[in-house]
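Derivation of every value follows stated rules applied to the coordinates shown; laboratory data play no part. Everything numeric here is computed off the predicted structure, so don't read it as measured data. In this analysis, Cβ positions are derived from the backbone assuming ideal geometry, glycine residues included, and neighbour counts consider all displayed protein chains.
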Amino acid sequence: MEDLDRVQREADEVRLQAQRYAAERREEADALCEETREKAARAAADFETGLAKRREQSEQELAALTNRRDTINAQLISVREMLPTLAGAHSAAGQPVPGAAGLAPTFEPFWFAVPAARPLYGEDGSPTPVAELAPGTWYLAVEQRGQALVAQTQDGRRGVLHDTSGIQRGQTA
């Protein structure tokens, strides 16, 4: 009987050790599962934050491009309004200049942009700039004077651009 009691105690001890071992493994598995959930939640939050930043940047870029488009459209409207004044050769009285219709034009107005800020000087030769041409804006070249261009701004001011290096030519007006 003693052997039976001893075997029973050993079996109880083995069962108890197995239960402790299983409980420890369960705790480790639960801890690992919780750690994995936390990492996944952090990764999802980081992804959402990055996505929100990219969305905000995209919205800002879209707003800037929309503003740029609206500015270009306004410039085009302004040019369309100015074109009739540039289209024909007329005298000061508004009458066609005799013989002007048969002359081939030597200059055709065109759009251009400057690569860096450039001063626009008065057509009278004054040393004081009447405007500053800014990069990213289209201006209308209405006449050529040697290497210089007579340019017209969106608000209708005209002047002479002496430094024409690196200008970007656009469409002919």
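Place +1 on the Cβ of every Lys and Arg and -1 on the Cβ of every Asp and Glu in the chain, take the dipole about the Cα centre, and give the residue among Thr137, Val7, Gly125 whose Cα lies farthest towards its positive end. The residue sitting farthest along the positive end of the dipole is Gly125. Across region 46-54, rounded Karplus estimates of 3J(HN,Hα) from the backbone phi angles (6.51 cos²θ - 1.76 cosθ + 1.60, θ = phi - 60°) give 4, 4, 4, 5, x, 5, 5, 5, 5 Hz, Gly and Pro being marked x. The HN-Hα couplings worked out from phi for region 130-144 by the Karplus form 6.51 cos²θ - 1.76 cosθ + 1.60 (θ = phi - 60°) are 8, 6, 10, 7, 10, x, x, 10, 8, 10, 9, 7, 10, 6, 10 Hz, whole numbers, x standing for Gly and Pro. Percent of C-alpha pairs per 5 Å bin in the chain, short distances first: 1, 6, 9, 11, 10, 8, 6, 4, 4, 3, 3, 3, 3, 3, 3, 3, 3, 3, 3, 2, 2, 2, 2, 1, 1, 0, 0, 0, 0.
Remark on Glu143: its backbone amide H falls under 5 Å from those of Val150, a criterion applied only to residues 5 or more positions apart or on other chains, H modelled at 1.01 Å from N.
Net charge of the neighbourhood of His162, taken over other residues with C-beta under 10 Å away and scored Lys/Arg +1, Asp/Glu -1, is +1.
Amide H contacts of Val130: Leu120, Tyr121, Gly122, each under 5 Å away and 5 or more positions distant or on a separate chain (H built 1.01 Å from N in the peptide plane; Pro and chain starts excluded).
With only Lys, Arg, Asp and Glu charged, each at its Cβ (+1 for the first two, -1 for the last two), find how big the charge dipole of the chain is about the Cα centre; round to the nearest 20 debye.
Values: 20 positive and 27 negative charges, 280 e Å.
Computed charge dipole of the chain: roughly 1340 debye.
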